[in-house]
Structures are given as C-alpha cells and as structure tokens.
Amino acid sequence: MTETASTTTPGISSTTTSGPASGEVTDAEFPLERGCPFSTPTEYEQIREHSPLAKVRLTTGREAWWIAGHELGRAVLADRRFSSDRRRDNFPFVSTDPETRKQLQDQPTSMIGMDGAEHAQARRALMGEFTVRRMAGLRPRIQQIVDQHIDEMLSSDQRTADLVEALSLPVPSLVICELLGVPYADHDFFQARSGPLIRHTTPTEVRLRIQKELNTYLGALIDRKVTDPTDDLLSRQIAKHHAAGTFDRTSLVSMAFLLLIAGHETTANMISLGVVGLLQHPDQLAMIKEDPEKTPPAVEELLRYFTIADTVTARVATEDVQLGDTTINAGDGVVISGLAADHDPTVFTDPDRLDLERGARHHVAFGFGPHQCIGQTLARMELQIVFDTLFRRIPTLRLAAPLDDIPFKSDAFVYGAERLPVAW
Amino acid sequence: MRIEADTDVCIGAGQCVLTDPTVFDQHDDGIVMLITKHPEGGAAHRAREAVELCPSGALSLIEEPGDS
Ligand code: HEM
Ligand code: SF4
C-alpha cells in the first residue's frame, strides 16, 4: 500500500511521458482563482492531459508538483513517503517569510500536521469520538440548532437574509460547541469569536487576538472539565489521557482548536455553496424536496462538485519517489489537487455537470489516506439536515442577487461565499 | 468472497459503516469491526464498494473457490 513501484504507479499509463523541462505546462501562479463556483481552472485540465502531474510556480515564489489526476492523487495521499508536516521547508503555500516560519516552527503540531506513528497515536485517541453511531446520537441536537436558526430567519419581516450570517456560520459553530461540551452560557462568547476568526476579511491582528482569547477560553474550559467532568468529547479525552498517564493540557487545547478550525469554515462554506448549487439547479432541487432519501447522494455530489478544500491536501516528499516517468525529489512540495481529482473525466463521467443523483462517494473532498477527514460523518449529517430543513421550511427560498454579484472567496484556501443574500 | 479488516491500519473514518452497516460496524474506539466476513448478494456488492472507498487500505477482499 505504501510503496509504489515506478512501473505500477496507479494513475499513470506507462506510455505517458512527463514532457520537457520537468513537466512545466503552464506559467500561471498557483493556487489559481476559481472564476465562479461553477467552473474549474482550465490549467487543471492541461496538467491532467499532460501527465497528470506538473511542476508549477506557487504564489509564494516556490515551486511544487501539482497532481491533477484522481487515481494518482489518491495513491500519493496514501503513500507514507509524503509528509504532512507543515514545518518542513518547501511545504506548499506556507509563507517563506522567516519570522512567520519561526512562529510556525515553535508551535506544537496538531494531528493534521503529523506523520506515521505519531499521527496514528493522536488520531486513534480521538477516533472514537467520531464514530457513525456517536454522530447519529448528535442528530436531534443538530436538527434543533438548525430549526432555531431558521425560526429566526422566518421571524424577520423583511423576508431577506445573508445566509452566511444567518445559518452557514452559526450552525457548525454551535455543533462544535455541542461536541466539545461548551456550556450554553458561553455560546455567545464562543460564536462571537469563531465567526470572525475564520473570515478572511478579518484583519490579521484581530484574528491573532481572537485566537489567543479562544485558546485561553479552551484552556479554562479544560480545567473546569478536569474537576467537573460532563458527558462530552473534552471530558472523555481528559479521562482517557489521565488513565493512560498522557494528559497534556497544551496538546488538548491545540486539539480542541484544530477541531474548531477544521470543522467550522469547511462546513459553513459547504452550506453556502450547496444552497447556491441547489438553487441554480431547480429541477434537481425539486427532486430532493420530494424525497429526502435523495439528500445523502445529493450531498456527496455537492461535496465532489465544489471540493472546497482543493489545496489543503499538500505534502512534502521525504525521499525520492518515482511516479511514472517523473522523479519527485526528496524535499519537493506536492499539492494533490482535490478539485482537479474530483473533476477527472476518467473517473467521473461528465464531471463538470452537477448531477445530484450521481451519488459517487469516491471523491476526495475529504482527502484520502491516513489523514482523511475525521469529521466527515458529522459534516455529511450537518449538510443533510440543513438542506432538508431549509428547503422544507422555506420552499420559496431564492438568491436575492445575481450570481455575478455574490462575493465568492477568491483568496481563500477553503473556497466559499463571503456573503449570500437570499429572499423568500 | 471473504473480507479481511486490518485493525492496525484502520483510521476510523467510518466510510465502510456508511456503505453497509449490515457488514461493517465500529468499536467504541472507532476501529472497524466486521459483522460478517462473507456478505452475500447486495451486501457483497456494497462490501466491494467499501473496500474501494476505505481511505487507509484496511479492508481487503479475498476471492474464494466457489465464488461466482
Ligand atoms: C464539509 C466539511 C469538511 C470538509 C470539506 C473537510 C475536509 C477535510 C480534508 C480535505 C482533510 C484532509 C487534510 C489532509 O489530508 O491534509 C480534513 C482533515 C481533517 N478534518 Fe475535515 N473537513 C470538513 C469537516 C470537518 C469537521 C466537521 C471536523 C470536526 C469537527 C473536521 C475535522 C478534521 C480534522 C481533525 C482533520 C485532520 C485529520 C487527520 O489529520 O488525521 N473536518 N478535512
Ligand atoms: S473505511 Fe477503512 S479506515 Fe474507515 S472505518 Fe472502515 S476500515 Fe476503518
């Protein structure tokens, strides 16, 4: 599974050649902007047809390999010769500024940046919190959170709202509160900070201040749960680590913070984009309104179609790796482009068509390999509940602005909408 | 056919349980647990799909004599 011999690299036919100049096929700087939510950068297609990998220039001035094929992408994500450690030189997109790099190097890594046995240990300690059964237990509470926010939307006389503010941001934030065990009285404090924290329009110094406040808050919350445990993820983690003699407050704070960051913006953006996708395809939306059984496959298709965390799946080669005719040198940065993989026509027929009945689950919207999203069952459930409830309770929901006027985030690593004016 | 699950490799993403809860389950610690090693009919079909979907390579299929 982990060793891939050059002659049998999945996703590269043996006749493919990498072309001249180590496969440079485009002089565009990556990551590329998406023109609109319904298009993928044409460069992805160029790379895919070419190899399916190419050396590209990054906006940081560095170079990295860009992998645009589905099969090769999955193979590399499953290959342990590639590291997730963001502190390594050449890790794609990490700032080249020495000061920022030093700050990063001084921080404790959380699970997402660990490799091998260290990663397995951290992941295994947390895995039990995200089982399909445990997540199903959260369903009624998530339904309640969604209903409350839709109640609020409906109680306004204006019959308009910014869906990002009204639903997309608060729902996943409150679900994480529920998961971690943030007491009800602190929800406002928590939410007032987690929203701006993940908004790209928030100035860096404000974001840093909020990050500090949240870390202080999470530390105090953990202290409270040490003395007064409740029925939640943090209390169970504390008990588990105490029993094993591995309790470490700092790493528990950083784990809680990772869950907040990884589970908030992603889910929020999928809510907003999912609503745009559904509203732009009214005939398909009608289908899921009629039959909620069709919502789970529709959610899979929306995840595939938008693959919002396109470039989160980046790695650094720890040794020379032969991929087909191309040698990736030790130390090279590699980006396994999820969006490109999920629009690979050899795997998804007519990939640029949103087909809510496609129901294909082998997309890489949640990544692949040992780091595949730990929160995916939760995310799927949140999205299903939101779409089902929103369109059942507000059947006349529509966009209140032309698609061209909706500010989609072009600068962000996680694609989404800055604001989403809706009316009913 | 027979399914094998390598519990040392499983990363508990639950893709298999989502694919067919009559074949796959998870222990409380998130690790995969096979309800049956020999799924039949539609369940066999879905078990194959689960092997394809498993992100960690924990699941494998072994074809056995007499398989059609
Ligand atoms: C639609 C929503 C979501 C998307 C698209 C998404 C996407 C991803 C992707 C692509 C990765 C892999 C990163 C890599 O390989 O380097 C990942 C990892 C992760 N996600 Fe998610 N995610 C979502 C929701 C969530 C939620 C709700 C949570 C938790 C509450 C969460 C927690 C995590 C964590 C902790 C990791 C790191 C896992 C590891 O390193 O083993 N995510 N996610
Ligand atoms: S899909 Fe694979 S990694 Fe995920 S729980 Fe099942 S066996 Fe484990």
**Item:** Whole-angstrom Cα spans of segment A:189-246 along principal axes, big to small
**Value:** 43, 20, 15
**Calculated from backbone phi, Karplus (6.51, -1.76, 1.60) coupling profile of segment B:8-14 in Hz, x at Gly/Pro** = 6, 9, 3, 10, x, 6, x
**Amide H partners (placed H, <5 Å) of A:Leu58, local residues excluded** = A:Phe30, A:Glu63, A:Ala64
**Request:** Output the relative contact order of segment A:40-136, whole-number percent, from Cα pairs under 8 angstrom with separation of 6+ residues.
**Result:** 19 percent
**Complete:** Summed over the other residues with a beta carbon less than 14 angstrom from that of A:Leu169, with K and R at +1 and D and E at -1, the charge totals -3
**Message:** Over 17 Å apart: what share of the alpha carbon pairs of segment A:21-70 falls there, rounded to a whole percent?
**Reply:** 31 percent
**Request:** In whole Hz, with x marking every Gly and Pro, tabulate ³J(HN,Hα) for segment A:148-161 from phi via Karplus 6.51 cos²θ - 1.76 cosθ + 1.60, θ = phi - 60°.
**Result:** 4, 6, 6, 3, 5, 4, 6, 7, 7, 6, 6, 6, 9, 6
**Request:** Please give the FRET efficiency for A:His242 paired with A:Leu104, using the beta carbon to beta carbon distance and R0 = 25 Å, rounded to the nearest 0.05.
**Result:** 0.25
**Request:** Net charge near A:Tyr217: determine it from the other residues with C-beta under 14 Å of the C-beta of A:Tyr217, scoring Lys and Arg +1 and Asp and Glu -1.
**Result:** +2
**Request:** Give the Cα extents of segment A:252-291 along the principal axes, in whole Å, largest first.
**Result:** 46, 19, 6
**Request:** First check a/c for segment A:320-385, with a ≥ b ≥ c the square roots of the eigenvalues of its C-alpha gyration tensor; if it is under 1.5, answer rounded, and if not, answer prolate when a/b is larger than b/c or oblate otherwise.
**Result:** oblate
**Complete:** Under 5 Å from the placed amide H of A:Phe408, counting only residues 5+ away or on other chains, we find A:Glu418
**Complete:** For A:Ser110, A:Ser84, the accessible-area ranking with a 1.4 Å probe, largest leading, is A:Ser110, A:Ser84
**Prompt:** Given H placed 1.01 Å from N in the peptide plane, which residues other than close sequence neighbours of B:Phe24 have an amide H under 5 Å from its amide H?
**Reply:** B:Ile35
**Request:** Compute log10 of I(q)/I(0) for chain B with the Debye formula, placing one identical point scatterer on every Cα and leaving out solvent, at q = 0.17, 0.23, 0.24 Å⁻¹, to two decimals.
**Result:** -0.51, -0.92, -1.00
**Prompt:** GNM on chain A, C-alpha springs below 10 Å: top fluctuator among A:Ile288, A:Ile142, A:Ile406?
**Reply:** A:Ile406
**Message:** Just checking the output field for A:120-129: average partner chain Cβ neighbours within 10 Å of each residue's Cβ?
**Reply:** 4
**Fill in**
Compactness check, segment A:172-274: C-alpha Rg relative to the 2.2 N^0.38 Å globular estimate gives 1.10
**Message:** Could you work out the relative contact order of segment A:29-423? I mean the mean sequence separation of Cα pairs under 8 Å and 6+ apart, divided by the number of residues, in percent.
**Reply:** 26 percent
**Request:** Take the alpha-carbon positions of the protein assembly as shown, form their convex hull, and give its projected area averaged over all directions (one quarter of the hull surface) in nm².
**Result:** 23.9 nm²
**Message:** Keeping every protein chain present and rolling a 1.4 Å probe, give me the accessible area per residue for the protein assembly as shown in Å².
**Reply:** 43 Å²
**Prompt:** Where does the charge balance sit around A:Gly128 when Lys and Arg score +1, Asp and Glu -1, over other residues with C-beta under 9 Å from its C-beta?
**Reply:** +1
**Asked** Using θ = phi - 60° and the Karplus form 6.51 cos²θ - 1.76 cosθ + 1.60, what ³J(HN,Hα) does each residue of segment A:227-238 get, whole Hz, x for Gly and Pro?
**Response** 7, 9, x, 10, 8, 7, 4, 4, 4, 5, 4, 4
**Request:** Mind jotting down the three principal axis lengths of segment A:209-324 based on Cα atoms? Whole angstrom, largest first.
**Result:** 55, 47, 32
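The values are calculated or read from the model by the stated rules, or taken from the named source; none is laboratory data. What you see is a predicted model, and the numbers here were worked out from it, not measured in a lab. Backbone-built Cβ (ideal geometry, glycine too); neighbour counts: all protein chains shown. Surface areas here come from the heavy atoms of the whole protein model, side chains and all, with no ligands, DNA or RNA. Shrake-Rupley method; radii C 1.70, N 1.55, O 1.52, S 1.80 Å.
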